Amino acid sequence: MADLETTDATIRGTSGVPLVRLEGIHKWFGNLHVLRGIDLTIQQRDVVVVIGPSGSGKSTLLRCVNMLEAPTLGTVWFEDEEITDIRADLNEVRTHMGIVFQAYNLFPHMTAVRNITLALEKVLKLPSDEAHDRAMDQLARVGVGNKASSFPGQLSGGQQQRVAIARALAMQPKVMLFDEVTSALDPELVGEVLEVMIRLAGDGMTMMVVTHEMGFAREVGTRMLFLDEGRVEEQGEPKDMFLRPQSDRLRQFLAKVL
Amino acid sequence: MSLTEARALDPEVAPDVRGPTAPLPATIFALGVASLVVITLGVVFSQVNYALSDRVLTRSCIEQQISPEDNGAVGVCSIVEALDDPLTTGSLYLGVALGGIALVLGLASYRRMDSERRRDHAITGAVLGAQGILLAIAILWFRSASPALFAKHFLNFADLEGYGSAFVRGARNTLTLALAGELGGIVIGLVLGVLTLSHRRSIRAPARIYINFFRGTPLIWQLVAGYFLLLFGFGVRLSAFTAAIIVFALNTGAYAAEVFRAGIQSIERGQIEAARSLGMSYSQAMRYAIVPQAVRRVIPPLMNEFVILIKDTALVIALGLTAANYDIFTTAREGQSATFNSTFFTVAAIAYLIVTLPLIRLVNAAEKRLRSGLVGVAGAGG
């Protein structure tokens, strides 16, 4: 564990305050110890990919970053603010962190464009025409500009997920969190969502991606974490880790998924 | 598949695969229908025939405690006499015979039927036959006891003359009580429902105590106690009518709270997470994301509560309303105590049904619509 942390620092030696920093994160659900002491630093323009077997705590870790899940122990910083502090204004912090969920979680009673403008108007207090313009821009950016007035129920899974990405992007976040965003999609719809994410990474967006898409992890990730039983079992350059896995656990995992 | 078969299939319409029927199952079905029709027609025909004839009180009617001095005695006598009409008697026995044949044949043969439609006909015939037998037995039983006494008290409409406007006013007051109570209850219920979902026990507990109290005590007790508490306890001088509306609202609020709580809890967790992750506060997430979805889901159960409340408004009789405020039930009770004729209650039941039946149909339609997902509350579909 100890030497893994040093490799982490050497791989991304960017100067300045990291965007996100997690330190000593533990999470219990009841008596279930899901996260067992995790440290993680996300720098500007990082694409941190998290892989691991189901139940390893990947999603929980991701949800700790924007405090949808409060860690039982440990600290989370966003830029220079400690957001695990009870006095932190989480509503304000979350406007800088977009998250996309496995189940899309679009508001089913609103059109695609309304899904996006809602928070722009109610949270960022943008005037409605400006919010509308921004929403339309983002819908076009993810390739569903023609579906603006459709309700989620009228869209395919891939289209819904792209609207969800546009909704998060419209807030102009500093980091995007992706929680197994292709896992609920029919196989033929996975590509269109991955394509949007690849483009986003190319544009320099800072991202944390929990995924089962090993191809995406290898090609797009700048850094990869392998989680197992609530611990970071191994981390490093994705291509390296796929080529030369150090731990038995990662070797076994890769043998199963590749 | 041969060419002719292929042409017979219309690609736009699902084929009917239930197959044709056959003489035996069709006969069983017809017998079952005939059983019910014969009984109904016989009884109705006799009743209409006697009602239209200008009869006088017969000896048997007078023997059955119908006095010539009673208002409407002739009409009551006609009902009772018609029940003993040979046509009624004949149709009842014929109905039992037809129903019995349908029942026996249907039960004996339905397993051997070789197509779905044949089996349907055999089973439906047997079921209708059984219903005919039960209906005939009920009528025979009823007329063998004291139908005269019953008709005199519950089917003597002569005393109701001049009460039409009173019942219309009663219906208006009943609806006012129920509607005002329901609206107040919805407001109280929405607030309480949200409070019961708080993760803080200090907020949850008072709401739960309120809800459990109003769900756990009789409404009639709440009406009386509430009225006197307002009047003497707090010195609020209200009419019994207004006090009743307040108590109905408080009571409905407790039930509506449970409806709202269940409705909000039925919204997927991801919805509030999505809203919160966009920077919305808890109350913003509730207001814009959760409650609008929950409202659609709670409409049928709330309408159901409304139907229940319409009937429960009858309990205001415990408060002693002024005449202008009489609801349907009090109107009936006043009429009954003035004439000693309980037919007023029969009319009251009809008046309640006129109001509630359309609402019940509306609830069922709304539930069906919600189940089919037409209102756009279905979850994320792939």
* Asked: In this structure, does A:E192 turn out to be closer than 23 Å to A:R94 by Cα and within 14 Å of chain B (Cβ to nearest Cβ)?
  -> no
* Structure fact -> Checked segment B:240-257 for anything closer than 13 Å to B:L219 by Cα and of a type in the set (F, W, Y); matches are B:F248, B:Y255
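Using the structure shown, decide if B:L321 is touching a residue at least 40 places away in the same chain (Cβ under 8 Å), of a type outside the set (S, T, N, Q), more than 30 Å from A:V65 (Cβ to Cβ) and more than 14 Å from chain A (Cβ to nearest Cβ). Please lay out each step first, then the result.
On the way: touching a residue at least 40 places away in the same chain (Cβ under 8 Å): yes; of a type outside the set (S, T, N, Q): yes; more than 30 Å from A:V65 (Cβ to Cβ): yes; more than 14 Å from chain A (Cβ to nearest Cβ): yes.
Judged against the criteria, B:L321 is a match.
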* Structure fact -> Scanning segment A:115-138 residue by residue, those within 10 Å of chain B (Cβ to nearest Cβ) and either within 21 Å of A:S149 (Cα to Cα) or touching a Gly at 6+ places or on another chain (Cβ under 7 Å) (or both) turn out to be A:N115, A:I116, A:L118, A:A119, A:L120, A:E121, A:K122, A:V123
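Of all residues in segment B:215-253, which are of a type in the set (K, R) and farther than 18 Å from B:G185 by Cα? First the steps, then the outcome.
Taking segment B:215-253 and keeping what is of a type in the set (K, R), we get B:215, B:237.
Result: B:R237, single match.
Can you give me the ranges of the helices (runs of 4 or more DSSP H) entirely in segment A:67-153 with at least 3 residues that are surrounded by fewer than 18 Cβ atoms within 10 Å (Cβ to Cβ) and in contact (Cβ under 8 Å) with a residue 60 or more places away in the chain? I'd like the intermediate steps shown before the answer.
Numbers: elements: A:90-94, A:112-122, A:128-141.
Qualifying helices (runs of 4 or more DSSP H): none found.
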* Structure fact -> Those residues of segment A:148-162 that are among the hydrophobic types (A, V, I, L, M, F, W, C) and more than 11 Å from chain B (Cβ to nearest Cβ) come to a total of 1
* Asked: Of these, B:I272, B:I203, which one is buried (at least 17 other Cβ atoms within 10 Å of the Cβ) and either within 14 Å of another protein chain (Cβ to nearest Cβ) or of a type in the set (V, I, T) (or both)?
  -> B:I272
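Within segment A:200-212, can one find any residue that is of a type in the set (V, I, T), under 23 Å from A:G37 (Cα atoms) and surrounded by fewer than 21 Cβ atoms within 10 Å (Cβ to Cβ)? Let's see the steps before the verdict.
Let us first name the residues in segment A:200-212 that are of a type in the set (V, I, T), namely A:206, A:209-211.
Restricting the remaining residues to those that are under 23 Å from A:G37 (Cα atoms) gives A:209-211.
Subsequent filtering for residues that are surrounded by fewer than 21 Cβ atoms within 10 Å (Cβ to Cβ) retains none.
No: segment A:200-212 contains no residue that is of a type in the set (V, I, T), under 23 Å from A:G37 (Cα atoms) and surrounded by fewer than 21 Cβ atoms within 10 Å (Cβ to Cβ).
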* Asked: Residue check, B:Q265 against (1) within 14 Å of chain A (Cβ to nearest Cβ); (2) surrounded by fewer than 19 Cβ atoms within 10 Å (Cβ to Cβ), all met but one. Which one?
  -> (1)
* Structure fact -> For segment B:163-173, the count of residues that are more than 20 Å from B:S342 (Cα to Cα) and surrounded by 20 or more Cβ atoms within 10 Å (Cβ to Cβ) equals 1
* When you go through B:A254, B:A240 one by one, which is the residue that is modelled with pLDDT under 95, more than 14 Å from every other protein chain (Cβ to nearest Cβ) and on the phi < 0 side of the Ramachandran plot? -> B:A240
* Residues A:T41, A:T111, A:T75, A:T84: which one is within 14 Å of chain B (Cβ to nearest Cβ) and β-branched (V, I, T)? -> A:T111
* Structure fact -> Only one of A:D228, A:D203, A:D240 is free of Cβ contacts under 8 Å to residues at least 12 places away in the same chain and more than 30 Å from A:L106 (Cβ to Cβ), namely A:D240
* Could you pull out the residue among B:I290, B:I308 that is modelled with pLDDT of 90 or more and more than 25 Å from the chain's Cα centre (by Cα)? => B:I290
* Asked: Restricting attention to segment B:277-290, does a residue exist that is small (G, A, S) and under 17 Å from A:H109 (Cα atoms)?
  -> yes
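Report those helices (runs of 4 or more DSSP H) wholly inside segment B:1-118 carrying at least 2 residues which are at pLDDT 90 or above and surrounded by fewer than 16 Cβ atoms within 10 Å (Cβ to Cβ). Outline the logic, then answer.
Details: elements: B:3-8, B:23-52, B:59-63, B:73-83, B:86-109.
Of the helices (runs of 4 or more DSSP H) lying wholly inside segment B:1-118, those with at least 2 residues that are at pLDDT 90 or above and surrounded by fewer than 16 Cβ atoms within 10 Å (Cβ to Cβ) span B:23-52, B:86-109.
From B:D16, B:D85, which residue is within 18 Å of B:S146 (Cα to Cα) and among the charged types (D, E, K, R)?
On the way: B:D16 fails: within 18 Å of B:S146 (Cα to Cα).
Step by step, each of B:D16, B:D85 is checked, and only B:D85 is within 18 Å of B:S146 (Cα to Cα) and among the charged types (D, E, K, R).
The values are calculated or read from the model by the stated rules, or taken from the named source; none is laboratory data. Here the structure is a predicted model, which means the values were calculated and not measured. Cβ sites come from the backbone with ideal geometry, for glycine too, and all protein chains shown count toward neighbours.
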